[in-house]
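The values are calculated or read from the model by the stated rules, or taken from the named source; none is laboratory data. A quick note: this is a predicted structure, and the numbers were derived from the prediction, not measured. Positions of Cβ are backbone-derived with ideal geometry, glycine not excepted, and every protein chain shown enters the neighbour counts. The area values use the complete protein model at the heavy-atom level, side chains included, leaving out ligands, DNA and RNA. Shrake-Rupley method; radii C 1.70, N 1.55, O 1.52, S 1.80 Å.
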Amino acid sequence: MSTHHHHAILKFRNIIIVGLAVLLVTSCSTIVKSYPANKPFVYQTNINITGNITSDTAADMVSRLKGQLDDSMKSRSISKIVWSVMKNPPVYYNNTAEKSVIYMHALMNSMGYFNDSITYDTAVTVKGDQYRTSVNFEIKPGKVVRIDSFSYNIKQQELQNIALTNQKNAFVKKGDPFAKAPISDEFDRLVDLYRNNGYLRFGREALVGVWDTLDISLLQPTFDPFEQFDILLKLKERRENPTANLEIKLKPGFDSSKLTKYFVGKITTFPDFSPDTTGLTRKEEMVDGINVVSYSNTFKTKIFPQYIYFRQGDLYKQVQYAKTINRFNSLGAWRLVSIEPVPRKNQDTADFIIRLTPAKKYSFTTNIEGSRNQSVVSGNLFGIGLNVGVQNRNFGKAANIATTNLRYGIELSSSFIQTQQLSASYNIFFPKLVPRMKWIPEKYKENLQTSLSFNASNTERKDFFNLTTINSSWGYEYLSKNALFSLRLPNIEYSYLKPRQKLLDLFISNPSLKNVFTDGLISSIITGVTINHSKNKTQNIFRANAEISGLLTGLVSTKFLDENLYRFIKLDGEIIRKIKFNKTALVLRFHSGVGYEFNSTANPLKRNNLPFFKQYFAGGPNSMRAWGLRKLGPGSTIAEFSGTGSQPERYGDVQLEGNIEYRFPFFKLFGINIEGALFTDFGNIWFLKKEANPLVPESVFNFGRLGKDIAVGIGTGFRIDFSFFVIRLDYSYKAKDPSPSPANSAIQNKWFGYKLLKNDQFQLAISFPFIL
């Protein structure tokens, strides 16, 4: 690295450190820009809740009431860590506050609070020509009106029976607040329920809710003094705990013809629908009870019955209608999908016309991106990757999707290209189970997808090695609610490694590396699951994968398989949680993985550890960011990174890593959001078998050494958010280094042993370091 380049990096580091120091000592304040001079403007709006309600209910109420404020009552500011900026605050007028009170009353009523009290006052702080006005709203919700009784009174016996049979799923329950939202949801639930029982034309306008706020018995006269006393007690209780009775019934005067129960009649599908069919030849074919009308030979007619979830003679069900539309939309072969029901006059039958307008068959994509792949073969390239792709949305005239992708990427080290990679892939996705496997229930087949993949790549590590990999697999994916399950059976990979001179020299000085840098054959089964779960402001992702190679292939003994086949099992899992606050976010991640090469592996050179292109590594822009790519570990190894007997690349069969990252808004530049981050990374990699590196036992995983072997990095960074992608610059410092070079052995595992601005790391990448 040149002296000029080194000084430039040090200068940039100093700017970051000085800038952070200035931020930490700056007092919290709000800077107001473009304000109306010498006029009161809305500086702050406070909503205070008083009454006998829980803190969670009050917090939710405040959040919802803020949305009811008139636009001219909302003060907006942008946080800058320790200060905020307010631009163009609105002039304060009393009538906008009065409007806000009206909107707030409406919201409180919709939540079941009919005896609420809302008042407000203002306070003005003068600062030069700024008249900063704080508006304080005082809310007293009063007693919430609760539902004392709830019933259906639908004067059509079958509709009444359907409602009563499914009442356990009602959104309205006795004792709940008399709130608008659940009552509205109950109306929608009933409409869906009736439409799923044949009532095609039934709509929400057919229903009405009738309620009263007093028990009828309280209004009836009585001469019994004991009964009168009881009524007075009930009236007193009603004032203290107001209740309402709700009854759902058919709207008086509703069109009774819409209460017809319909069955499915003739189904006609137009797979290549176009408004203009002049001069085109019409072709009709009946396939499994469905009339397919086409004007071209674009699609095979036999594919349509499997995507239509209703048949002639079936009772009409809204859920099957919606499922059919969603299925065609998900295939991607059509850009417009519509299904028109046509009820027959004075009959209980409706015909259905399905119109499908094809999308463009081919689409082309090109993009430049940063690599995030945690695989040596795929590169995890620090730098630039260029992707070119072609997608065929109607492969084989069966709405299958075929993709072809070419990728060229480079990995930079200081001032030269360290790695070049060229890869090509061809994938076919079948939106169904192939083969059909009749023993699997149809309800599971609806969410199954089959894939056939071919991949080839060549990776050239400068003066180190050339690796060629060919891969093919047959796989399945199953989507269930928020979980995605995958299976690749079989997965066949063959890798050919050609060592360059530097690697050959290392083999001589460090023979154990021959066990690491090997090539060969993998014949494996790969399974995986990804679960996404979001609740309120928390988003969680769980991922787990398992791969086992040589399970069946290893039972066959040939010279080729004995020399090349790897027999191993590899398991890894990851948990990511993102917690959103008002304007900031906290991201937590933990990853663990372990791989074991079976002793039954025939070739002794492949018996001690996983193939290096399947091993774990740490460091780089998406892992332990205080270390360079593949520069951490294994364990507490002390070895040179270059020269005789060195270990320039670090791999392992075990990995543990955790990350904590706090993200916050920083500033805006030309309308582009610049976010800041504070983070810490901790973890390492290890060998699993001592035979993998017998001369360095500290490189082998040992629970007793775990505290010593864990590396810790801390840092800060920027995220430049361009909406469609994010550029990230992170600076990280080695707070605890278990695997330094021999020159730094004195500070091995010593907390904050390195001098500031020495042995730290800048990482430039595209996108966030984790999925979230």
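In table form, for the structure just shown:
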item	result
Considering residues of region 270-307 that are open to solvent by less than 70 Å² (accessible area, probe 1.4 Å) and among the small types (Gly, Ala, Ser) only, the residue farthest from Val434 (Cα to Cα)	Ser274
Elements of type strands (runs of 3 or more DSSP E) in region 407-480, at least 1 residues being surrounded by 15 or more Cβ atoms within 10 Å (Cβ to Cβ) and touching a residue at least 60 places away in the same chain (Cβ under 8 Å)	448-461, 465-480
Any hit, region 495-515, residues being over 21 Å from Glu691 (Cβ atoms), part of a strand (DSSP E or B) and within 36 Å of the chain's Cα centre (by Cα)	yes
Positions within region 633-681 being in contact with a Pro (Cβ under 8 Å, 6 or more places away or on another chain), open to solvent by 50 Å² or more (accessible area, probe 1.4 Å) and hydrophobic (A, V, I, L, M, F, W, C), in sequence order	Ile638, Phe641
Complete set of residues in region 717-763 that are under 18 Å from Phe666 (Cα atoms) and either in a strand (DSSP E or B) or open to solvent by less than 60 Å² (accessible area, probe 1.4 Å) (or both)	Gly717, Phe718, Arg719, Ile720, Asp721, Val726, Ile727, Arg728, Leu729, Asp730, Tyr731
Those residues of region 542-581 which are among the aliphatic types (A, V, I, L, M), touching a Ser or Thr at 6+ places or on another chain (Cβ under 7 Å) and closer than 30 Å to Ser480 by Cα, in sequence order	Ala546, Ile548, Ile579
Some residue of region 244-252 being acidic (Asp, Glu) and out of contact with any Ser or Thr (no Cβ under 8 Å at 6 or more places or on another chain)	no
Selection within region 245-256 - more than 42 Å from the chain's Cα centre (by Cα) and open to solvent by less than 50 Å² (accessible area, probe 1.4 Å)	Asn245, Leu250, Phe254
Enumerated strands (runs of 3 or more DSSP E) restricted to region 94-180, each holding at least 1 residues that are touching a His at 6+ places or on another chain (Cβ under 9 Å)	117-127
Members of region 532-568 found to be closer than 19 Å to Gly475 by Cβ and either touching a Gly at 6+ places or on another chain (Cβ under 9 Å) or open to solvent by 40 Å² or more (accessible area, probe 1.4 Å) (or both), listed by number	Arg543, Ala544, Asn545, Ala546, Glu547, Ile548, Leu551, Leu552
Hits in region 706-716 - residues which are touching a strand residue (DSSP E or B) at 6+ places or on another chain (Cβ under 9 Å), open to solvent by 10 Å² or more (accessible area, probe 1.4 Å) and closer than 21 Å to Pro740 by Cβ	Leu706, Ile710, Val712, Ile714, Gly715
Among (1) touching an Asp or Glu at 6+ places or on another chain (Cβ under 7 Å); (2) at pLDDT below 90; (3) part of a helix (DSSP H, G or I) - the single one Phe226 does not satisfy	(1)
